[in-house]
Amino acid sequence: MHRDLKPENVCLGSGIYQNIVYLVDFGLAKRYISPITGSHIEEKKSRTIVGTVNFMSHHTMNNIEYSRRDDIIAIAYILAFLNNEGRLPWNIPEPNYLEIDMKDPLVY
């Protein structure tokens, strides 16, 4: 599973490779088949949210363990993003941590 699909991580080939789509940035990738048991990972509650908020599935937002279905949902969101002039209906801005005053108790 890629776990961070977003337009920035999808590249299109050029020239004779123009029909090829490349995925990059596998820093958050994870196996969905256990190398020990050979079975699919279990669906469970997760303690952390992984990925980019705008392209994250509702399952991931509800702390359900990331699975292949969430990559498919992210691809659908990317297609919607590209079809809608680079916008999504929810378009949540990423936080700018440089602008957050860490001494402000309301931030926590």
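Taken together, the values in this text are just the output of simple stated rules run on the coordinates, not laboratory data. Just so it is clear, the structure is predicted and the values come from calculations on it, not from any experiment. Ideal geometry is used to build each Cβ from the backbone, glycine not excepted, and the neighbour counts take in all protein chains shown.
Counted by neighbouring Cβ atoms within 10 Å, the residues 24, 50 run from fewest to most as 24, 50.
Exposure proxy for 22, 77, 66: other Cβ atoms within 10 Å of each Cβ, ordered fewest to most, give 22, 77, 66.
Footprinting exposure proxy ranking of 61, 56, fewest other C-beta atoms within 10 angstrom first, gives 61, 56.
So what does log10 I(q)/I(0) come out to for the chain at q = 0.10 Å⁻¹, using the Debye formula with one equal point on every Cα and no solvent? Log-scaled intensity ratios, in q order: -0.39. Seen through its C-alpha gyration tensor, with square-root eigenvalues sorted a ≥ b ≥ c, the stretch 11-66 comes out oblate because a/c lies at 1.5 or above while a/b is not bigger than b/c.
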